[in-house]
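Novice: Structure in C-alpha cells, see below.
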Amino acid sequence: MPLALLGLAAAIRLWNLGDPDRLYFDEKYYAVDASDYLAQGVEEGRPAHPPMGKWVIAAGLELFGSTPFGWRVGVAVAGSITVLLTYLSGLRLFRRTAPAALAAVLVALDGLAVTASRIAMLDAVLALFVVAAFWLVLLDRDARRRTREAGEGLRRSLIGSRYRWLAGATLGLAVATKWSGLLAVGLVGLLVLATELSGRGETFRRATRRAVAVTGGAVLSLLMVPAVVYLATFTGWFANYSESYAAERACEAGDCGTSVGDRLETWAQSQVDLVDYHVGLEASHPYRSSPLGWPWLERPVLVYAESCTTAQQEAGECEVPPDTRARIVMLGNPGLWWPALLAYPVLLWRAVARRDGVAATILVPLVLLWAPWLAANKPGYFFYMVPVVPFIALGVVRAVQATHRPRLVGAVALALSVAGFAFFAPVWLGLPLESDALDLRFWLDSWN
C-alpha cells in the first residue's frame, strides 16, 4: 500500500514535469537562487526566505542539470513523500489501512498539493517537513504510551522518546524553509503536552510539576534543537560570507569585518531585515486574498497562462496549439475542500462532546496552520495552505468514520475527489484547452 500510494503521487507529480519549458511565476526567484547556491553557496541577491527549500531545488539541479525538470524535481519528490507521510500519519491515528490510504489518495489528487509540487517553490517542501514532524510526534505519543508507568518520574516526561527529538530537528528544517514553519512548532508542542498530561489522574501539584517538566523538555527538543538545525542550514552562507548580499550591504556601510563575530552579527541583522521585508510587502497583488476565504477556495492563484496569438501562429512560435489556451491555477480540489466544510463541525463536535482524541489531534494543525494568517490581518496567497492539505484530508476521513455508513460515505468522498481531479487536471497540469472548455473549469467569478 505505501508503495502504491507513493507511486500514484509520483506519477502525477513527475508526469511531463518539464512543461512549461521555462521559468514561470516565482520560479524566477527560487530556481535562480538555487542555481546560485551551486555556483557560490549563497544567493547573489537579497533572499526572501531561509535556505532549506532552495537547497532541495538545488539538489535537483545538481542531479539533472539546469532544465525545467531539474529545478522542479526536488519539489516533486517532496510532494510525493508528503502523500506517503499522510498515509503513515493516518495509520497512527486510525489504526486501519483503508482510512489511512483514503486520506493519502485525497492528498495525491488535490489540485493545490499537485500544483505546488510541480513548480520550483517552497510550499510543498514546507508541507513535507510539517507532516513529517506531525508523524514523528505521533510516534513519540505511541512510544510514550507503551512505556508510561503509573507514577513514573518526571525525567521521562522531560526527555520523551527519540522521536520527539527527531521531530524537533524536522521542525528546524521546516522553519529553515519558510518562517511559517514556526506555526508547526506550536502545534507539535501542544500535542506533546497533551500526550504527557492526559489520562494520568494525578493530583494538581503533581500534574503542575509534570507540566513544568514537559515544558522544559519541549524547550530543549522543540525550540533549541530547531534553532540549531535552522542555524546549520546557513552553513553555505557562513562559508561564502563575502559573496552574500548581507556582506555586500555591510561593506557599503563601511564594516567589512570577516571574523566569526562579524559574520554572526551580520547574519543576525539579515534575519531582522528579512522580517522587515515581509512586514513591508505590498498587499496589492491581484491574487492576494483574505485567509477567511481560503477554506472555500475563494481566490486561487494563476501561475501560468499561455495562448497562441495570430502573430505567433504566423511566426511559428506558438507554445500551445492555435485556438487553445493553457492555464495552471493553484486551486484545491472542490471534491475535497467543499466536503471538508461539512467535516469541520463534525470534528469539533467529536473533539468537544465525544472527547474524540483523534478528532482533536487533527483539529490542532487545522487551526494552528490557518488561524494565525487571520490574526495577521493582512491578505496573503492561497498557496500558504499547502501544508494544511494533508490535515484537511485526515479530517474528512475522520468525519467519514463518524457516519453510520462509513464505507459508503468514504466511497463517495473518494469518487468526488477522483471526479474533481479528472475534471480540473487540465488547469493543474497546464494542458491546452479550447476557450469554452477552459471557461467551464472556472466555476466562481473570483477564480478568474
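The values are calculated or read from the model by the stated rules, or taken from the named source; none is laboratory data. Owing to the predicted nature of the structure, the values given are computational and were not obtained by experimental measurement. Heads up, the Cβs are rebuilt from the backbone with ideal geometry, glycines too, and the neighbour counts pull from every protein chain shown. With ligands, DNA and RNA removed, areas are computed over all heavy atoms of the protein, side chains included. Shrake-Rupley method; radii C 1.70, N 1.55, O 1.52, S 1.80 Å.
Novice: Given the options Met52, Phe64, Ala104, identify the residue whose Cα lies farthest towards the positive end of the charge dipole of the range 40-115 (+1 on Cβ of Lys, Arg; -1 on Cβ of Asp, Glu).
Specialist: Ala104
Novice: Then there's this: Tell me, in nm to one decimal, what length is gained between Glu298 and Asp21 on full extension, where the rule is 0.36 nm per residue of separation less the Cα-Cα distance?
Specialist: Computed gain between Glu298 and Asp21 is 96.8 nm.
Novice: Given a 1.4 Å probe, how much area per residue of the chain is accessible, in Å²? Mind dumping the intermediate values first?
Specialist: Values: 19900 Å² over 448 residues.
Result: 44 Å² per residue.
Novice: Right, another one. Based on the alpha-carbon gyration tensor of the range 319-448 and its eigenvalue square roots a ≥ b ≥ c, which shape applies: rounded if a/c is under 1.5, prolate if not and a/b is larger than b/c, or oblate?
Specialist: It is oblate, given that a/c is not under 1.5 and a/b is not larger than b/c.
Novice: A further question on this structure: Can you give the Rg to Rh ratio of the range 286-359, both from alpha-carbon atoms, with Rh computed by the Kirkwood formula?
Specialist: 1.31
Novice: I'd like the per residue volume of the convex hull spanned by the Cα atoms of the range 32-84, given in cubic angstrom.
Specialist: Working: hull volume 4.0 nm³, N = 53.
Hull volume over Cα atoms, normalised by residue count, gives 76 Å³.
Novice: At 15 angstrom or more along the helix axis (alpha-carbon based) and mean Kyte-Doolittle of 0.5 or higher, what helices does the chain contain? Whole DSSP H runs only. Intermediate values should be presented prior to the final figure.
Specialist: Working: long enough: 2-14 (17 Å, 1.86); 27-40 (19 Å, -0.66); 52-64 (19 Å, 1.19); 68-94 (39 Å, 1.19); 97-108 (16 Å, 2.04); 123-147 (36 Å, 0.81); 162-175 (20 Å, 0.59); 182-197 (23 Å, 2.36); 204-218 (21 Å, -0.12); 260-279 (29 Å, -0.33); 334-353 (29 Å, 1.05); 357-368 (17 Å, 2.45); 389-401 (18 Å, 1.65); 406-429 (32 Å, 1.71).
Qualifying helices, which must be both long enough and hydrophobic enough, are 2-14, 52-64, 68-94, 97-108, 123-147, 162-175, 182-197, 334-353, 357-368, 389-401, 406-429.
Novice: For the ranges 68-74, 3-9, what's the packing order if you count other beta-carbon atoms within 10 Å of each residue, average per peptide, and put the highest first?
Specialist: Ranking, from highest mean packing down: 68-74, 3-9.
Novice: Roughly how many debye, to the nearest 20, is the charge dipole of the range 145-217 about its Cα centre, given +1 on each Lys and Arg Cβ, -1 on each Asp and Glu Cβ, and no other charges?
Specialist: Roughly 160 debye for the range 145-217.
Novice: Considering the alpha-carbon set of the range 41-170 alone, what are its Rg and its Dmax in angstrom?
Specialist: 18.1, 59
Novice: Using a 1.4 Å probe over the heavy atoms of the protein chains, calculate the carbon and sulfur portion of the accessible area of the chain as a whole percent.
Specialist: Of all accessible area on the chain, carbon and sulfur atoms account for 62 percent.
Novice: Which of rounded, prolate, oblate describes the range 208-269, given a ≥ b ≥ c as roots of the alpha-carbon gyration tensor eigenvalues and a/c under 1.5 marking rounded, otherwise prolate only if a/b is larger than b/c?
Specialist: Taking the square roots of the gyration eigenvalues as a ≥ b ≥ c, the range 208-269 is prolate.
Novice: OK, next. Let me have the relative contact order for the chain, percent, based on Cα pairs under 8 Å that are six or more residues apart.
Specialist: RCO, the chain: 19 percent.
Novice: Please give the charge dipole size of the chain, origin at the Cα centre, charges +1 on K and R Cβ atoms and -1 on D and E Cβ atoms. Round to the nearest 20 debye.
Specialist: Taking the Cα centre of the chain as origin, the dipole is about 3340 debye.
Novice: Shape of the chain from its Cα gyration tensor (a ≥ b ≥ c, root eigenvalues): rounded if a/c is under 1.5, otherwise prolate when a/b > b/c, or oblate?
Specialist: Details: a/c = 2.03, a/b = 1.14, b/c = 1.78.
Here the chain falls in the oblate category.
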